[in-house]
2 protein chains.
Amino acid sequence: MNIPQTSYPRVLIIGGGFAGLAVARGLENQELQVVLIDKHNYHTFQPLLYQVATGGLEPDSIAFPLRKRFNDVENFYFRLAEVLKVDPETCNVETTIGSLNYDILVMATGSKTNFFGIQNIEKYSMEMKSVPQALNIRSLILENFEEALLESDLEKRRALMNFVIVGGGPTGVELAGALAEMKKGILPKDYPDLDIRQMKINLIQSGNNLLAGMSKKASKKAEDFLKKLGVDVWKDLRVLDYDGGTVITNGEDNFRAETVIWAAGVKGACIEGISVDSIDVKSNRIGVDEFSKVLGHENIYAVGDVACMKNDKFKKGHPMMAQPAIQQGKLLANNIISDLRGELQKSFVYIDKGSMATIGRNKAVVDLPKLKFQGVFAWFVWMFVHLFSLIGFRNKVIVFMNWVYNYIRFDRETRLIIRPFKRKNKYSFDKQNV
Amino acid sequence: MNIPQTSYPRVLIIGGGFAGLAVARGLENQELQVVLIDKHNYHTFQPLLYQVATGGLEPDSIAFPLRKRFNDVENFYFRLAEVLKVDPETCNVETTIGSLNYDILVMATGSKTNFFGIQNIEKYSMEMKSVPQALNIRSLILENFEEALLESDLEKRRALMNFVIVGGGPTGVELAGALAEMKKGILPKDYPDLDIRQMKINLIQSGNNLLAGMSKKASKKAEDFLKKLGVDVWKDLRVLDYDGGTVITNGEDNFRAETVIWAAGVKGACIEGISVDSIDVKSNRIGVDEFSKVLGHENIYAVGDVACMKNDKFKKGHPMMAQPAIQQGKLLANNIISDLRGELQKSFVYIDKGSMATIGRNKAVVDLPKLKFQGVFAWFVWMFVHLFSLIGFRNKVIVFMNWVYNYIRFDRETRLIIRPFKRKNKYSFDKQNV
């Protein structure tokens, strides 16, 4: 990998998401060599992927080049690669571009879509964890509409205009809301020949509440907002199978749909070589102690979605969201530095800053620790928190300008089919190349 | 294609570039049915593709959704398709989504890269005529740098950092300038481990002048600017072959390079079925009379790059650029309306508004009919003309903001490898999917 061996200890961080980035930033300009490996050359701001998928933002606006972030940092190395295997015995990782030894390994590999072992769904449904995947969804939505225009069979046309989103978490809710806004303001103008009433947006939630991690009030209000926007919300319904044509559920209702977006769950993105004993079977997350140290390993840490830090309050580990990842990453960096100086490490205590979701124009729900509110003000809060959290001044300005424009004009203009998806080979190459 | 047959004559326009768009806009809300077919669902502002390729702009900023442009227009139909064949006998076109008859056919199919029959070059070099192609170039540049980092063989590393741009027209000059700015301000920061002196930007021109269509003064100054930026300009040199590793020329100098960008020429993008007699063998453009009517056909017109309208002043037809395309498109629309009303059609007279090219920060050359100037002021003129020409208010604002940011910060931040190109399968899928 062509990284010099120095007298400084080498901290190898796998993954440039929220957690990995927080660790790397926290270790800047210390007496350490920091190596960051990611399969993309950019950090993805996942909370806004749904806006790329629905034509509200351009891809580069929500991503940030990882190299740029560390331009001025000494002893920092970035490598574009996928990690294939960890060998804790020899303190070595194997990657697509060679192997590298480490003194301290930080697993910040995040999460991947959990299809719960249903191979058909993995094959035929869309996921939205990366920029290319979001662009694939954008392409598919628009390509389906182009195809619907040509379809004389009413059933087939309806299937092309039928969108099934599985999973009522923030991703599913925000995507359903954004699609509903496209249905309202944009698609009828773009496709005046289509009967837009045939477009259906179905949001399917296996449990009894949308946004299960938030308050009852937020959940209820989000459902109201979605219904007002014309989304069909299905609760207590479970998707069992999808063959590319029909969604089979455990209820009376099956859905004939060309587009299924699977946002029903995530699981830890583990890497081969980590002690199997430390991995939680169900969530595929790596068990860690209160210092983020992987159970059963001495110099391997895990932070963010992939880490499962159980305690009395979080019996299944912390929620797989940005905030725990950032907080764990920051603390781990400090702890590594403390350790280096012979000082004591600090235990992780999660500070819940609240959570929020947007459903559409002027419609959001916000749960703060001491205050819960919904509606227009919540929407503005959502916007500014997300703007503020984006990395990079350019991104902030460009996203802000796009939002102002979209708000004033009731529009979402970035409707390019950049990665033609369906027409070429729906289920092969492009799903890999993500 | 599911387009209703009405009592209005049907004008079928193939291609939503500058020419096709001008025709379609000129025919808005007339007693005509207008059908526009394009293989992309967006109009591409080709003059700024090089900025997408070099990380200065995001893809959606220089493109505009075609459907949106005609949202409020009666009797307008857009279809996303490729036209395979024209049958002038039956007034019918065959496309990838079915066939359609026409009363008036407008060929606005533009141009494609001319490889002058050199199959190796077609296979191994990059072209830049579309947004996906520009993103492929962006990916390749960055992927080559990532690879160079790992390469211990000096010759191979140099080849990865050696960029050969063939063709000294505006595309080649602007791309070479932008690459040189990346070399200066961005790549050394992103890749501090690489010796940036090993990065070479070679601009190869077969003739004696860069920007051959412009004044001697502009040509000279552009060359000076490029040299000042560190570009190696090769004149009177012709590229004969490229096997993916070495560029063979007709001179003493061959180049070992992993990246060859072919901007050495374009040819008309004809469609099968147009009378072969009317097609100019060398340029592959369709011969038209002064009303843009295709020679040998009654109700077929051609405008823009694909049209070859010869007269005393333009013995080989008009230059293949935006201005003649827009002017021909506008006039053709007016002529079609005049014809409908029984009025006389007007002959085309090209009004040369001048031409310009930018080389880099504060460096541009402008030839106006009565005034030629170069440098900072030319650069501002270039910027405002291009901003003004972009379609869409959002695009104008977003491009302007990006330019202000890039100018102040000496940066180009959109350095995402969105379409991983090289690592996956360099010469297969992604080159098709453009």
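Remark: label point of A:K396 defined 7 Å out from Cα along the Cα-Cβ vector; separations to the same position in other copies 2.8 nm, ascending. Determine the calculated [θ] at 222 nm for chain B from helices alone, applying -39500 (n - 2.57) to every DSSP H run no shorter than 4 residues and normalising by the residue count; nearest 500 deg cm²/dmol. Calculated from helices alone, the mean residue ellipticity at 222 nm is -9500 deg cm²/dmol. Per-residue Karplus couplings for segment A:262-268, computed as 6.51 cos²θ - 1.76 cosθ + 1.60 with θ equal to phi - 60°, are listed in order as 9, 10, 8, x, 10, 9, x Hz, Gly and Pro entered as x.
Derived scalar couplings between HN and Hα for segment B:350-366 equal 6, 9, 6, 8, x, 9, 7, 8, 10, 10, x, 2, 6, 10, 8, 10, 10 Hz in order, rounded to whole Hz, by the Karplus curve 6.51 cos²θ - 1.76 cosθ + 1.60 (θ = phi - 60°), x for Gly and Pro.
What base-10 log of the normalised intensity I(q)/I(0) is obtained for segment A:233-301 from the Debye formula, alpha carbons as equal point scatterers, at q = 0.21 Å⁻¹? Summing over Cα pairs of segment A:233-301 leads to -0.84.
Tell me whether segment B:249-360 comes out rounded, prolate or oblate; compute the Cα gyration tensor, take square roots of the eigenvalues as a ≥ b ≥ c, and use a/c under 1.5 as the rounded threshold.
Details: a/c = 2.81, a/b = 1.84, b/c = 1.53.
Taking the square roots of the gyration eigenvalues as a ≥ b ≥ c, segment B:249-360 is prolate.
Based on Cβ point charges of +1 for Lys and Arg and -1 for Asp and Glu, what charge dipole magnitude is obtained for segment B:1-64 about its Cα centre, in debye rounded to the nearest 20? All intermediate terms of the calculation are to be shown ahead of the outcome.
Working: 3 positive and 5 negative charges, 35 e Å.
The dipole of segment B:1-64 has a size of about 160 debye.
Cross-link partners for B:K315 among the aspartates and glutamates, with Cα-Cα distance under 17 Å and sequence neighbours closer than 8 places in the same chain left out: B:D280, B:D289, B:E290, B:D305, B:D352. Where chain B is rotated onto chain A, the residue of B whose Cβ comes nearest the axis, and that gap in whole Å, is B:E58, 2.
Of A:K112/A:K156; B:K200/B:K363; B:K123/B:K220; A:K372/B:K396; B:K235/B:K267, which ones are farther than 30 Å apart at the Cα? In this structure, A:K112/A:K156; B:K123/B:K220; A:K372/B:K396 lie more than 30 Å apart at Cα. Plainly put, the tip 7 Å out from Cα toward Cβ on B:I337 is 6.8 nm from that tip on each other copy, the closest given first. Listed from fewest to most Cβ neighbours within 10 Å, the set A:E223, A:E272, B:E94 follows the order A:E272, B:E94, A:E223.
Given their separation in residues at 0.36 nm each and the Cα-Cα distance between them, B:D253 and B:F377 gain 41.0 nm when the chain is fully extended. Report, for chain A, the % of DSSP beta bridges that are antiparallel, rounded to 5. Given both bridge residues lie in chain A, the antiparallel proportion sits at roughly 50 percent. Note on B:I337 and B:D195: with the Förster distance fixed at 41 Å, the Cβ-Cβ geometry gives a FRET efficiency of about 0.10. Ascending distances from the B:L150 label point to its copies in the other chains, with the point 7 Å along the Cα-to-beta-carbon line: 4.0 nm.
Grab the other residues whose beta carbon is less than 12 angstrom from that of B:N92, score K and R as +1, D and E as -1, and report the net. Provide the component values of the computation, followed by the final result.
Details: positive: B:R10, B:K85; negative: B:D87, B:E89, B:E94, B:D103.
Within the 12 Å Cβ shell, the charges total -2.
Look at B:Y124, A:Y407 and count the other Cβ atoms within 10 Å of each Cβ; fewest to most, that gives A:Y407, B:Y124.
The length gained by stretching the chain between A:D224 and A:S275 to full extension, at 0.36 nm per residue less their Cα-Cα distance, is 13.8 nm. Near the amide H of A:D241, within less than 5 Å, lie the amide hydrogens of A:I248, all on another chain or at least 5 residues away, with H placed in the peptide plane.
Could you work out, residue by residue across A:62-69, how many beta carbons of other chains sit within 10 Å of that residue's beta carbon, and then give the average as an integer?
Neighbouring Cβ atoms belonging to other protein chains average 5 per residue here.
Rounded, prolate or oblate: which one fits chain B, using the alpha carbon gyration tensor with axes a ≥ b ≥ c (rounded when a/c is under 1.5, else prolate when a/b beats b/c, else oblate)?
Working: a/c = 1.77, a/b = 1.70, b/c = 1.04.
Prolate, since a/c reaches 1.5 and a/b exceeds b/c.
Going by the alpha-carbon gyration tensor, a ≥ b ≥ c the square roots of its eigenvalues, is the protein assembly as shown rounded (a/c under 1.5) or, if a/c is not under 1.5, prolate (a/b greater than b/c) versus oblate?
oblate
Segment A:368-409 and segment A:187-214 have Cα centres lying 23 Å from one another.
As a rough footprinting exposure proxy, the listed residues B:C270, A:C91, B:C308 were ranked by other beta carbons within 10 Å of their own, and the order from fewest upward is A:C91, B:C270, B:C308. An ellipsoid equivalent to segment B:9-58, defined through the eigenvalues of its Cα gyration tensor, has semi-axes of 29, 10, 7 Å when rounded to whole angstrom and sorted largest first. Karplus-based coupling profile of segment B:11-27, in residue order and whole Hz: 9, 9, 10, 9, x, x, x, 4, 5, x, 5, 5, 5, 4, 5, x, 9, with θ = phi - 60° in 6.51 cos²θ - 1.76 cosθ + 1.60 and x standing for Gly or Pro.
Bear in mind these aren't lab numbers, they're just calculated from the coordinates by the rules spelled out. As the structure is a computational prediction, the values presented were derived from the model and not from experiment. Cβ atoms come from the backbone with ideal geometry, glycine included; neighbour counts cover every protein chain shown.
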